[in-house]
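To start, the structure itself, in structure tokens.
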């Protein structure tokens, strides 16, 4: 039924209705107002020429269709999701088959006419049907390369939702920014326990189309994802006459928040259960450092110049997991020691700075340090070495952002 429905839609386009009406008008004028007089050889010529013309043009249709498919596949990018590409291919295929079916019907009528009694009117009808077939082929070729085709299709997919007229207007930049953050959150979720390369280069629409069946959390919200994706595509291609739909924007924010929660849950379950677990790991490393230095000939009140490198080296040995990577010192960008989640966005989970400053000055410096790095890391710690007492002061923030300190000696 889909083919016949699409065929009828193609046949009743404005262009084809105008052409059909014109040919009917010509028919009535020629038959009822102007006397048609043709010799028998002209009648048979109409039949044979009609078949040859339509057959030659039909042969070109698969070639044009193949050229079109190659172009669509080669240009598939962020502009076309799988559903749009498949719809474009299907629509063009149905239109081609409609033209071929009509042309074959005319050719069959031509063949039958050879065995019927000579009749001028029938040859005239065949001529008009041939012109109609040529017109359909011209329409097919025009629609094949019509640049508005994709934009119209994207408008069709993007259904309009009724909303409160007093809702806040959202700019295109804001919508796209949140869309990209949603895409990152979903990619993080998929790559938390899977190979990053699986989704690194996949846009969100391909993830939803091709991977949702393997991830129930994505499949559960499949329709909402598609609604958001269709709206995003329509906004990009038809931004001059399309405004951001606040309802879809709100749904996008909800999905982003949901997958961010999924990612946080994964970290708490598989990586760092809480800040206390990190503190205990750091305390073990610092305790080992102090034990290793007990027999070193170091004057009281002084520290080794390379103590930071030694502490960081110990942290590398204590923070080992398949779920994250560690970088430090020159390779790190924000702290002396950083833990990056082994997923798509390489989220910064833990930042540790190693210092040696007077304890009385530590608290204001620590407060400034935490304020600066809290937005960049999920957890932040400050290790300060007190050479006078040969001990470490470990500072961190609790869940409620309260500043805590622990002495390791």
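Odds and ends about this structure:
- Tilt relative to the chain, helix 246-266 - C-alpha long axis, 0 to 90 degrees, to 10: 40
- Percent antiparallel among DSSP beta bridges (both partners in the chain, rounded to 5): 80
- Principal-axis tilt of helix 148-157 within the chain, Cα atoms, nearest 10 degrees: 60
- Pairs of Cα atoms farther than 17 Å apart, segment 219-367, %: 73
- Entry for segment 201-295 at q = 0.15, 0.19, 0.20, 0.21 Å⁻¹: log10 I(q)/I(0) = -0.74, -0.98, -1.03, -1.08, Debye formula applied to identical alpha-carbon scatterers, no solvent contribution.
- Contact order normalised by residue count of segment 272-408, Cα under 8 Å, 6+ apart, percent: 19
- (i) 136, 55, 41; (ii) 67, 43, 43; (iii) 124, 46, 31, with the label sought being that of the calculated Cα extents along the principal axes in Å: (iii)
- Ranked 69, 107, criterion: other C-beta atoms within 10 Å, fewest first: 69, 107
- Förster-model FRET efficiency, 51 Å R0, residue 14 and residue 254, C-beta, rounded to 0.05: 0.75
- Relative contact order (%) - the chain, alpha-carbon pairs under 8 angstrom, separation at least six: 12
- Helix 14-28 and the longest principal axis of the C-alpha atoms of the chain enclose an angle of approximately 0°.
- When the chain is treated as a GNM with alpha-carbon contacts under 10 Å, the residue of 62, 364, 216 showing the greatest mean-square fluctuation is 364.
Taken together, the values in this text are just the output of simple stated rules run on the coordinates, not laboratory data. Remember, it's a predicted structure, so these values are computed and weren't measured experimentally. Don't worry about glycine lacking a Cβ; one is built from the backbone with ideal geometry, like all the others, and counts go over all protein chains shown.
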